[in-house]
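Read the structure below first, then the notes.
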Amino acid sequence: FTRRVPAPYEHRAAMSIEQLRARADLFEALEVGRSPRFMAAPLPVLSTLNPSGEAAPIRCGNKGVGLLPAAEHLPGYLAELEACLRGCAGKPPRQTLAERIRVARRLYVHPAHVDRTALGTIEIFQGGTLRNLRRDPRAALLFTDEGPGYASWQLNADVAIVGPEDPRFRFLEGMRRLFEQESFHIQQPGFSVGYVFALREIEDKTPRRVSH
């Protein structure tokens with residue numbers, strides 16, 4: 001069967017909108033003291049290729065993935081983010097929550113500053129996924145939104161493994177650290193590796209009625 005597939009830019013715009021909406025929901029929940037719901041938009045399934053000879057060819061797992069500022073905007077966002085973290089250090093979390101949310105929101109209320117060619121995440125476990133990506137940088141991210149529409153996209157990407165010397169890693173790490181102590185996060189400090197997904201192909205996987 002055939003399926004209408006929008007142009008790649010339209011896909012990237014749609015994915016960014018889902019990310020923006022999901023983060024807005026998260027920040028609103030934090031402000032009112034409500035536990036955030038499971039958010040499919042920033043928690044895609046990441047698939048990587050296992051080494052030849054393993055029983056299963058593909059490894060899958062959910063990863064918390066977020067937007068990155070475009071290169072020309074990254075220094076400004078990073079400077080404010082790191083200043084916020086320094087200013088909040090040692091203070092009670094409830095005392096600093098409003099400021100942390102304000103800083104986290106900045107990118108998500110300025111869509112024009114978003115890098116539409118990449119997504120990023122911090123690796124908090126450093127297990128099989130990292131092993132696979134060190135050997136083969138190809139990966140796929142599968143995003144599925146809530147019903148009744150279940151909007152879904154598969155993003156095929158080349159993955160760059162980044163560390164503390166890379167400002168993109170520092171941004172991803174800083175965004176994670178803003179809410180590291182909140183209940184919706186697994187408490188896993190001490191990050192040293194992140195992934196930047198350079199998007200190659202985007203396929204619309206939204207379920208639709210098939211005409212035979």
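Listing for the model above:
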read-out: For Lys63, distant residues with modelled amide H under 5 Å away; value: Leu46
read-out: Residue-level accessible surface for Leu46, protein heavy atoms, 1.4 Å, Å²; value: 0 Å²
read-out: Kirkwood Rh, angstrom, the range 86-212 [1 / mean 1/r, Cα pairs]; value: 17.0 Å
read-out: Accessible area expressed per residue, the range 53-212, with surrounding protein chains retained (probe 1.4 Å, Å²); value: 53 Å²
read-out: The range 38-126 - percent of accessible surface contributed by carbon and sulfur, probe 1.4 Å; value: 60 percent
read-out: Calculated P(r) tail over 22 Å for the range 53-126, as whole % of Cα pairs; value: 43 percent
read-out: Most to least accessible of Glu173, Glu31 (protein chains only, probe 1.4 Å); value: Glu31, Glu173
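The values are calculated or read from the model by the stated rules, or taken from the named source; none is laboratory data. What you see is a predicted model, and the numbers here were worked out from it, not measured in a lab. Side chains included, ligands, DNA and RNA excluded: accessible areas come from the protein's heavy atoms. Shrake-Rupley method; radii C 1.70, N 1.55, O 1.52, S 1.80 Å.
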